[in-house]
1. Can you report the number of residues in region 42-60 which are open to solvent by 40 Å² or more (accessible area, probe 1.4 Å) and in a helix (DSSP H, G or I)?
2. Condition first: over 19 Å from Trp176 (Cβ atoms) and of a type outside the set (A, V, I, L, M, F, W, C). Now tell me which residues in region 15-51 satisfy that.
3. Filter region 32-41 down to the residues that are buried (at least 23 other Cβ atoms within 10 Å of the Cβ) and among the aliphatic types (A, V, I, L, M) and list them by number.
4. I want to confirm something. Restricting to region 81-115 and keeping residues that are part of a helix (DSSP H, G or I), among the small types (Gly, Ala, Ser) and modelled with pLDDT of 80 or more, which single residue is nearest to Ala271 (Cα to Cα)?
5. Cβ contacts < 8 Å: first residue in contact (Cβ under 8 Å) with a residue 40 or more places away in the chain, restricted to region 65-78; second residue open to solvent by 20 Å² or more (accessible area, probe 1.4 Å) and hydroxyl-bearing (Ser, Thr, Tyr), any location; separation 6+ or different chain. Result?
6. Which members of region 179-192 meet the condition of being open to solvent by 50 Å² or more (accessible area, probe 1.4 Å) and of a type outside the set (A, V, I, L, M, F, W, C)?
7. With respect to Tyr72, is the statement that it is among the hydroxyl-bearing types (Ser, Thr, Tyr), in a helix (DSSP H, G or I), open to solvent by less than 10 Å² (accessible area, probe 1.4 Å) and more than 11 Å from Trp176 (Cα to Cα) true?
8. Would you confirm, using the coordinates I've provided, whether Leu263 is assigned to a helix (DSSP H, G or I) and either open to solvent by 60 Å² or more (accessible area, probe 1.4 Å) or at pLDDT 80 or above (or both)?
Amino acid sequence: MDPIVMLVVLLAAAMHAGWNALIKSGEDKLLEMASIAAGGMMLALVALPFLPAPNAAAYPYLATSGAIHIVYYWLLISAYRAGDMGLTYPIMRGGAPLVVAMVGGPLIGEFLGFGGWVGVALLCGGVLALALGHRRAGGVAPVGYALADAVAIASYTVVDRLGSRLSESPVAYVLWLRMLGAPALFLWVFATRPLAVVVRHAETRWRLGLAGGLASSTTYFLVLWAMGHAPVAMVAALRETAIVFGAIIAHTVLGERSGALSLAAPGVILAGAIALRLA
């Protein structure tokens, strides 16, 4: 892999972990998520007029993925409310390819070989190690929310894999998802938060929200570019370094403390995710 492509994918992985850390660091996780969604929607509003519209065949997939994303947002917010990022992020990030691998055969015709099952074993072992290492921090709730969110991520991943192919414009497809997901979050915010609280949050955190929204969208574009310049499997595998970036951010920036078992677990999850991607 070209060093420039490698650096681009590593940057995308770090940015993904970064915008998740923004949500975790905020006092109100819902408002942080809504701010990031607003930033992504602003990017979509600027870019979509210059892109071709997705084919009509992709519309049902857009609608389905948009609905799944609402569930994903709720589970993500709940996971970060309940537990440490160092626990929940690796499970969400590493659990999603695990679920995709397990259901990929009957749904999209992608069956596991020996390397794939090695990846499954490593992922399961890493998730178990994380759960044991954080067993005193929040009980089982963080792990439950994170595993459920991994299922949601896997679900929209499969839907988007099919929908983006039919759209014949993957970039526009993703930007339309940003447009569909944000309004539901805004309604949720205004239904549960006083207007004064929303305005005060917007005044103090809008720059971070915009940065997070740009990061959440830019990560996809960077990976898409990299896949045009390197083997897709290698790019997908390297992208999973987000698990390690998330663990580093949780430990050094958010100040989360955990034992040796929990510190080693993200590396095991990363190895499993890479094995699955390369299988």
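The values are calculated or read from the model by the stated rules, or taken from the named source; none is laboratory data. Please read these numbers as outputs of a predicted model, since none were measured by experiment. FYI the Cβ positions are ideal-geometry reconstructions off the backbone, even for glycines, and counts take in every protein chain you see. Heavy atoms of the whole protein, side chains included, go into the accessibility calculation; ligands, DNA and RNA do not. Shrake-Rupley method; radii C 1.70, N 1.55, O 1.52, S 1.80 Å.
1. 10
2. Selection gives His16, Gly18, Asn20, Lys24, Ser25, Gly26, Glu27, Asp28, Lys29, Glu32, Ser35.
3. Met33, Ala34, Ile36, Ala37
4. Filtering first and then ranking leaves Gly86.
5. Ser65/Tyr156; Ile68/Ser155; Ile68/Tyr156; His69/Tyr156; Tyr72/Tyr156; Leu75/Tyr145; Ser78/Tyr145
6. Pro183, Thr192
7. In short, no.
8. Yes; evaluated as a whole, the condition is true for this residue.
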